[in-house]
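The structure under discussion appears below in the form of structure tokens.
Each reported figure results from applying straightforward, stated rules to the coordinates on display, with no laboratory input. Predicted, not measured: the structure shown is a model, and the values here were computed from it. Heads up, the Cβs are rebuilt from the backbone with ideal geometry, glycines too, and the neighbour counts pull from every protein chain shown.
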Amino acid sequence: MKIAKIEQFFPRRRMRLVKITTENGIVGWGETTLEGKPQSTIAAVNELAGYLIGKDPLRIEHHWQHIYRSAFFRGGNVLMSALAGIDQALWDIAGKFYQVPTYKLLGGAVRDRIRVYAHWGIHNTSEASLEQARNRLEWLQQSGYTAFKSGPGGKWRAHEPPATIDDFVESACLMREWVGNDTELCFDFHGKMTPALAIEVCHQLKQMRPMFVEEPVPQENVDALKQVSDHVPFPIATGERLLSRWEFRQIFEKQAAAYIQPDVAHAGGITELKKIANMAEVYYMHIMPHCAIGPVAFSACLQVDAVVPNFLIQEQVDAGLGSDLFQTSWQVEDGYIELPTASGLGFEVDEKLVEQDNRITQDKMNLLGLVAGDEEELGGEFYYEDGSVADW
Ligand SMILES: [Mg+2]
């Protein structure tokens, strides 16, 4: 069996898909979305296609090694996201070729169902905002979710006055009051705080007992993260911007976090996500794979979640961004999704819809480079009041 064709689609603003077809007609899908850089992974996949066409798709580890190591320069978010999408598509092909869910080729399931969390929070205590939050919570709880993540919105400077911190903490305490003590609540600081501010805010949050705080500080300085972990009485999580075992190594060795959140669409795909998880096991760290994008990446995460003993919970963007492109949906019951049973990554793509929407999105991209609205959503134009650049 040989790889015959590699195509790419952009059917939604934040969704870049790669489709690999073998000469005997097996199709594998992967996701290469890289927020804020809509064209870069497309170019990288096109370059890598020259190597992959004509190769055996089942030599997944060999292709991973070739793509990661062969051309002298390694890593970086563009190459690793392109590699991630290709790797997912090859695992999809492998599962379909052997006619088993991909997780059966990864050692087999160690659990029967997979815990998930959705995005929900109270962002301010205005009448309208509370009403909106209550409706959304009701809908998510009826859909079966029992764990939720939100974050302090907006720009946070090196320090904020008590009123800003109090507003966030009051919202968090109200959330706990609404959901009770059986539901998990967690917060993503989005790497936009200094260690001192993150520690101060976490101490205020302590009373409502969050499951974890994610990326309290930016990802580059592991010692700063460890400083936060050491001063906070609940688990700290990080990792959505770390791209390989080598980038997670210091987190492990310094015990700088309790939970890690590699993203299957950025950290080298299914192959690397499983290796990172296995490495984390040695340090008694659990994985909670990051997945804020589409259902292809989500499906790829589930394959690894199924086989890793130190898995804790899976992020899911509620109904799943772009899930209308898929003829598969996931039912959440009591906070869990049952293991997928279909071959490969376990979904059916509505290819006609993908192709049709791809044409629409691509037209917009050709004009703008980005699709309209991306800059705002992705923080490309995010400044403090004094005109300096803010993290978002
Ligand atoms: Mg995050």
For LEU185, distant residues with modelled amide H under 5 Å away: PHE148, MET211
Peptide ranges 103-111, 256-264, 30-38, 326-334 listed from the most packed, as the mean C-beta count within 10 angstrom indicates: 256-264, 30-38, 103-111, 326-334
Cα lying deepest toward the dipole's positive end in the chain, options CYS202, TYR259, TYR98, charges on Cβ: TYR98
Amide H contacts under 5 Å for VAL217, placed H, 5+ residues apart: GLY191
Under 27 Å from the Cα of LYS352 - lysines, other chains or at least 8 residues apart: LYS2, LYS5, LYS19, LYS37, LYS96, LYS364
Relative contact order, percent, the chain [alpha-carbon distance under 8 Å, six or more residues apart]: 21 percent
The range 104-338: Lys pairs at Cα distance under 30 angstrom, eight or more positions apart or on different chains: 24
